[in-house]
Every structure is written in structure tokens, then in C-alpha cells.
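*Asks:* Here it is, the structure, as C-alpha cells.
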Amino acid sequence: MIPALFVFTYLAVVLYVGVFAFRRSGRNESAEDYFLASRSLGTAVFLLSLFGTNMTAFTILGSSGHAFSNGIVTFGLMASASALIIPVTLFSIGTRLWALGKRFGFMTPVQFFRDRWECGHIGTLIFVVQAALLVPYIIIGVMGGGSTLAAISGGWVPYWLGGALVALVVMGYVFFGGMRGTAWVNTLQTMLFLSFGTAALAVIGGGMGGFRQAAEEMLNSPATAPLLTRERVSPWFFLSYTFIPLSTIAFPHINIFCLTARRMQQFKPTVILYPLCLLAIWLPSVFLGVMANRAVTVPAIAAKLEARRTLAVQGQDLLPDRRVELRQAAAGDDVIVLLLNHYAPVWLAGLLGAGIMAAVMASDSQILALSTMFTEDIFAFYGGKERFGPAAQVHTGRVFVLGLTAVAYLIALQAPASIFELAVQYAFSGYSALFPLLVAALFWRGSTKWGALASAVWTACAVVTVALFQYVVPAPHSGPPTVVWTFFGAAALARTPGGTAVFGLMPVVPMVLISFLLMIVVSLLTRQPSKQTLQRYFSKVD
């Protein structure tokens, strides 16, 4: 329990920072102050909080767990593409969002869409789609908190209790501190988990007798050698992962964070330093996940490897419940914590465990973003602010925080998927398909609300279809994918161990391309907004 006590202490510090230390507004706080910190975040806080809010449990636990099962290719799939695409989209799209938000007073992306396309209820539908796709991301935070505390305490803190503690702490400082408290907590957490990687590599590497020896042992073993190559992933499937980072700028919490900057110049250091920060956290997480395959002296990891071997040999002959049990036993979301517990001194394991928890708790921004969107796009838009006043709007946002956190916690208790799979297949893919809405609204004067409606409906239907397909068709445990439909001899639709493949590509590729196509075709067939609106957004002077 000693490492867990370090984490509990960290949770208490975070709660204090978020609720008390940086809560500067009084009783008459405005919605803009609570939800956007009065658009006054400084350069350092803006950079660290913007990066931290995008580095959730998916980054440390999800990436290491995926690397544990799939190898070093995990870094190429996500980190390499993200290091290029995310800074480019922040510079080209984030700065324009900031300028328009500053000029017209927008607080949410839906407010921008409604004004840009002169739409009302279509904006409500976009809100519903965005909210539904963001919930899996919030669930990931609860899952990561439960997994981390359960692993670092050696089972003394059960999964359900760990998830509840993280949910309560996050809910507490978001409820009281709003955007200002969330930004300062994210700044603290980012500094903490950025220092985690180097320390963890040094400690675990020394405990394992050096990574060179472990890597050579893996390379000499036929069972683990493929984990050090890309041979398990086809080139086309690998390429399709470049569509995933498009989701970052489409996330509502990233959009809203872009609006909190004090000046546009603050985006410049963010764009430059973002890839370096990403490298500092992704590289050690993926590398440790791969090296965990040689940590056979760690009982819990040895049990995971045995469960994986059983699935590979007997998977098709096992009962469905037994297969699900073995898949959960073989999951690697907690391997980094298990490595720390085994190779690091107790006090250091606790400190580094707090660093992991810092990344896990980044779901605070998603919760606040959904609260902001609900109060602005639903409560205020349909007359609640006018009837009950600005104070009621903030109170409504806080009540929404309570309800949303409770729902996410209950779902997390039943979530069977790994953190990596849950994020990539639903949250990331869905928001990548919504990327055309943002691009069209900002840069194409010919786009219309009906094109936006077509893209949003398509995105919702595509995500639901993928979810139903994966529920009906079980995934193979290893080996070649299960082909469901062929087209002129090519595997058009297949179920893979990690998800679904469409003509050898991830579903996100056709989702994004068809979303773009619908936006273009439907917009060309329907009427544009008024000249006055187009003049406001696309005048030559501006």
C-alpha cells in the first residue's frame, strides 16, 4: 500500500490546486470565466495544459498495453503521425478558431457552426454526436485510474474503488475550479508525467539488467522477434493510422482550449514544442510495453503471457466466456505499473505511479468541455439563460459534471475493451470523421448546413455500424483476419484481432473520405448562408 499512499497524496494535492489554490473568481463568476478562464491563460499554462489534456490514459497505459501485445510498431502507428499532423492542424485551424472566438465571442464549436451556417436544430444534432463520441474518452480516464491503483497497490485497492476515487477527484476540481482550475491542474500533471519517462526507463532498465540484453533475447526468440518489427501490420493498414491524428483538432475540449489563449502568439511555441513533448512521453511508454515481454520474473506479467499463449493455441476451442476471461487476463494496460512495482524501490514506485496517474486524470478537460457545450448549446440556446440568469447557467454546468462523471464511471465498470482499442475505434475514428465539418466551416465559403448535417449523420451511423459489427462478429485471437465479405476477390470487410479492416484499411479511412464527399456534394446541391454571414467570415479585409 505504500506506493498507493503516494498516489493518494498526489490526488489530494491535485484536488487542492484545482479547487482552492487557483480559484480566483467570486460568487458572481460569469460563464466565460468558469468555462474559458476569461480567455486569459498565459503561454506556459496554455502550452502545458493543451498538451496535457490530449495525453490521457491512452498515452501511457493504452500505448504500453498495445505495444505489449503488438510490439514497437505502436510508436509508428500513433506517435510518428501525430508529431506531424497535430502541430500542423493546431497552427492552421487552432489559430483561426481563436481569432473567430475572440471576435464573435464563441465558447463552443457548436456555437460557431450555428452562426457560420445559420442553423439551429442541426447544431443540436452536431452537439449530440460530439457528446456521444467524447464519452468513450472520459470512460478511458476512469478505466485508467482503476487499473493504475489496482496494479500499484498489488490488488489492495480494487479496480472499482480506484476508478471511483479518480472520478471523484476529477469531478471535484472541475466542479469548483472550472477551466482555470482544470488548466492549472493539467499544467502540474504535464510537468509530472513528462518527467516520468526518463526516470522509469532508468529504473526499470537497471532492474532488468539492461535493455540491450532484453532486446537481444527478444530478437533471438521466434515468439517475440516479430514484436521488434512491423511485419504484423500491413503497409496499407499502417498508413491508415495517419487519419487518426485528424481527430485531435476536432475534439471539443481541444477547440475550447484553443479559445482560452490570451494572444495568438502563444500558438507558436506550442506548435514547436508539441512534437518534443509527445516524443518524451510516447517513446518510453511504447518501449517499456515491448520490453515487458521479457519480464518473466514478474508474476503478474508471466500470467499475462501464459494467457496469451493459451489463446493462441486453444482460442477457437474455448467457450466464449473463457475466451473473454483470457483476453482480459492477457491485456497489458497495467504492465508499466507492474514493472515499476517489481523493479523500482517502494518510494520511487509511488512517485512514478503518481506520474502515471497524472496522465490518466487528463479526462478532466473532456468533462468540462461537455459541460460547457451542454450549458451553451442546449441550456442557453433554448432560453435557459434568459429565464434563469447567468448564475443558473454555471450551476447547470456543475450539475452536468456530476451526472456525466457518474455515467462514465458506471460504464467503465463494464467496459470489456482495452484502453487503446476503445479510443482508436470509437473516440478517435468518430472525431476524425467530423474533421471535414471544421475544415469546411473555416475555409470553404460554399459549405452549407445541409452538408454539415450529412457528414454528422454519416459519422454517427458509421460508428454505430462498426460497434454492432464488432459485437456480432467475434475477433480472431491471432493469425489471419476473419473475412466477412469479398469484392472481386479482395477482402472488402474483415474482422481483425485489433478491430475491423475495410479493404485492408482501418474504418476511419472510408469514414473520413465519405464525410468529406458528403460535405462537398450536399453543399453544392443546397443553398449557401446569407451574403451577410459569408461577408463576416470571408471578407477580404479580414
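The values are calculated or read from the model by the stated rules, or taken from the named source; none is laboratory data. It should be emphasised that the depicted structure is a prediction, and the values quoted were computed from it without experimental measurement. Heads up, the Cβs are rebuilt from the backbone with ideal geometry, glycines too, and the neighbour counts pull from every protein chain shown.
*Asks:* Name the single residue that is nearest to residue 165 (Cα to Cα) among those in the stretch 363-385 being surrounded by 24 or more Cβ atoms within 10 Å (Cβ to Cβ) and of a type in the set (D, E, K, R).
*Replies:* The extreme case among them is 364.
*Asks:* Can residue 521 be described as out of contact with any Phe, Trp or Tyr (no Cβ under 9 Å at 6 or more places or on another chain), over 15 Å from residue 466 (Cβ atoms) and aliphatic (A, V, I, L, M)?
*Replies:* For residue 521, the condition - out of contact with any Phe, Trp or Tyr (no Cβ under 9 Å at 6 or more places or on another chain), over 15 Å from residue 466 (Cβ atoms) and aliphatic (A, V, I, L, M) - is met.
*Asks:* Taking the stretch 353-369 on its own, how many of its residues are more than 13 Å from residue 254 (Cβ to Cβ) and under 18 Å from the mean Cα position of the chain (by Cα)?
*Replies:* 10
*Asks:* Still on this model: Look through the stretch 1-39, keep the residues that are surrounded by fewer than 18 Cβ atoms within 10 Å (Cβ to Cβ) and of a type in the set (Gly, Ala, Ser), and return whichever of them is modelled with the highest pLDDT.
*Replies:* Ranking the candidates gives 12 first.
*Asks:* Out of (1) more than 30 Å from residue 127 (Cβ to Cβ); (2) surrounded by 13 or more Cβ atoms within 10 Å (Cβ to Cβ), what's the single condition that is false for residue 223?
*Replies:* (2)
*Asks:* Tell me which residues, restricted to the stretch 499-520, are part of a helix (DSSP H, G or I), touching a residue at least 12 places away in the same chain (Cβ under 8 Å) and more than 24 Å from the chain's Cα centre (by Cα).
*Replies:* Hits for the stretch 499-520 are 518, 519, 520.
*Asks:* State which residue pairs qualify: first residue free of Cβ contacts under 8 Å to residues at least 60 places away in the same chain and crowded, with 24+ Cβ neighbours inside 10 Å and inside the stretch 51-77, second residue in a helix (DSSP H, G or I) and among the hydrophobic types (A, V, I, L, M, F, W, C) in any location, beta carbons under 9 Å apart, and separation of 6 or more residues or different chains.
*Replies:* Nothing qualifies.
*Asks:* Taking only the stretch 465-499 into account, find how many residues are in contact with a strand residue (DSSP E or B) (Cβ under 7 Å, 6 or more places away or on another chain), modelled with pLDDT of 85 or more and hydroxyl-bearing (Ser, Thr, Tyr).
*Replies:* 1
*Asks:* Moving on. Just to verify a result, which residue in the stretch 417-438, among those that are among the hydroxyl-bearing types (Ser, Thr, Tyr) and assigned to a helix (DSSP H, G or I), is modelled with the lowest pLDDT?
*Replies:* Taking the stretch 417-438 and keeping what is among the hydroxyl-bearing types (Ser, Thr, Tyr), we get 418, 426, 429, 431-432.
Restricting the remaining residues to those that are assigned to a helix (DSSP H, G or I) gives 426, 429, 431-432.
Numbers: 426: 73, 429: 88, 431: 91, 432: 93.
The qualifying residue modelled with the lowest pLDDT is 426.
*Asks:* If we keep just the residues of the stretch 195-213 that are among the small types (Gly, Ala, Ser) and not in a loop (DSSP other than H, G, I, E, B), which is modelled with the lowest pLDDT?
*Replies:* First, pick out the residues of the stretch 195-213 that are among the small types (Gly, Ala, Ser): 195, 197, 199-200, 202, 205-207, 209-210.
Within this subset, residues satisfying the condition of being not in a loop (DSSP other than H, G, I, E, B) are 197, 199-200, 202, 205-207.
Numbers: 197: 74, 199: 81, 200: 81, 202: 83, 205: 82, 206: 81, 207: 80.
Within the stretch 195-213, the match that is modelled with the lowest pLDDT is 197.
*Asks:* Scan the stretch 503-515 and give yes if some residue there is β-branched (Val, Ile, Thr), in contact with a helix residue (DSSP H, G or I) (Cβ under 6 Å, 6 or more places away or on another chain), more than 22 Å from residue 113 (Cα to Cα) and surrounded by 16 or more Cβ atoms within 10 Å (Cβ to Cβ), otherwise no.
*Replies:* Yes, that holds for at least one residue.
*Asks:* Next question, about the same structure. Out of the stretch 460-495, which residues are surrounded by fewer than 18 Cβ atoms within 10 Å (Cβ to Cβ) and under 17 Å from residue 70 (Cβ atoms)?
*Replies:* Hits for the stretch 460-495 are 475, 476, 478, 479, 480.
*Asks:* Now a separate question. Consider the stretch 463-493. How many of its residues are under 24 Å from residue 133 (Cβ atoms) and not in a helix (DSSP H, G or I)?
*Replies:* Residues in the stretch 463-493 being under 24 Å from residue 133 (Cβ atoms) and not in a helix (DSSP H, G or I): 3 in total.
*Asks:* When you scan the stretch 234-247, how many residues do you find that are in a loop (DSSP other than H, G, I, E, B) and either at pLDDT 85 or above or surrounded by 18 or more Cβ atoms within 10 Å (Cβ to Cβ) (or both)?
*Replies:* Number of matching residues: 2.
*Asks:* When residue 216 is evaluated against the numbered criteria (1) of a type outside the set (A, V, I, L, M); (2) in a helix (DSSP H, G or I); (3) over 27 Å from residue 291 (Cα atoms), which criterion, by number, is the only one it fails?
*Replies:* With respect to (1) of a type outside the set (A, V, I, L, M); (2) in a helix (DSSP H, G or I); (3) over 27 Å from residue 291 (Cα atoms), residue 216 is out only on (3).
*Asks:* Keeping to the stretch 367-415, report how many residues are of a type in the set (Val, Ile, Thr), modelled with pLDDT of 80 or more and out of contact with any Phe, Trp or Tyr (no Cβ under 6 Å at 6 or more places or on another chain).
*Replies:* 6
*Asks:* So which helices (runs of 4 or more DSSP H) are wholly in the stretch 248-336 and hold at least 3 residues that are closer than 24 Å to residue 80 by Cα? Reasoning before the result, please.
*Replies:* Values: elements: 252-258, 267-291, 299-314, 320-330.
It comes to 252-258, 267-291.
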